[in-house]
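Quick notes on the structure that follows.
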Amino acid sequence: MDSALFLENIHEALNNQVDELTLETAFQELEKWDSLASVSTVAMIYAEYDVQVSGDELLSCKTLGELKNKIVQKQQMLS
């Protein structure tokens, strides 16, 4: 999975309200992170990566890098 595209997709899921995101970003600590951002992120993951991530799985990830790894892991399980 391309990291730059993943970060761009997250940025769009957050309605472009965050200036800079990296794989080290602790996304749940972002000022703009709320329940709508959580739902938007889960929906984006399903639409872009064809995997379902539960709210609990999302919350278990501390950084965007961990979330990316979770998505890749789920994709590998499906193939």
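Every read-out reported here was derived from the displayed coordinates using simple, explicitly stated rules and does not represent laboratory data. In this text the structure is predicted, and so the values were computed from the model without any measurement. Neighbour counts run over all protein chains shown; Cβ positions are idealised from the backbone, glycine included.
Being closer than 20 Å to ALA47 by Cα, assigned to a helix (DSSP H, G or I) and of a type in the set (D, E, K, R) is the filter here; which residues of the stretch 1-35 pass it?
GLU8, GLU12 - these are the residues of the stretch 1-35 that are closer than 20 Å to ALA47 by Cα, assigned to a helix (DSSP H, G or I) and of a type in the set (D, E, K, R).
Checking GLU29 against (1) on the phi < 0 side of the Ramachandran plot; (2) of a type outside the set (S, T, N, Q); (3) surrounded by 11 or more Cβ atoms within 10 Å (Cβ to Cβ), only one condition comes out false. Which one?
(3)
Which one of ASP2, ASP50 is at positive phi and either within 10 Å of the chain's Cα centre (by Cα) or among the charged types (D, E, K, R) (or both)?
The match here is ASP50.
Would you point out which residue out of LEU67, LEU58, LEU30, LEU5 is among the hydrophobic types (A, V, I, L, M, F, W, C) and touching a residue at least 24 places away in the same chain (Cβ under 8 Å)?
Checking each option against the conditions leaves just LEU67.
Looking at VAL39 and the list (1) part of a helix (DSSP H, G or I); (2) out of contact with any Gly (no Cβ under 9 Å at 6 or more places or on another chain); (3) surrounded by 12 or more Cβ atoms within 10 Å (Cβ to Cβ), which single condition is not satisfied?
It fails just one condition, (2).
Residues that are assigned to a helix (DSSP H, G or I), among the small types (Gly, Ala, Ser) and out of contact with any Ser or Thr (no Cβ under 8 Å at 6 or more places or on another chain): does the stretch 72-79 have at least one?
No: the stretch 72-79 contains no residue that is assigned to a helix (DSSP H, G or I), among the small types (Gly, Ala, Ser) and out of contact with any Ser or Thr (no Cβ under 8 Å at 6 or more places or on another chain).
Every residue in the stretch 42-71 that is in a loop (DSSP other than H, G, I, E, B) and surrounded by 13 or more Cβ atoms within 10 Å (Cβ to Cβ), please.
VAL51, VAL53, CYS61, LYS62, THR63
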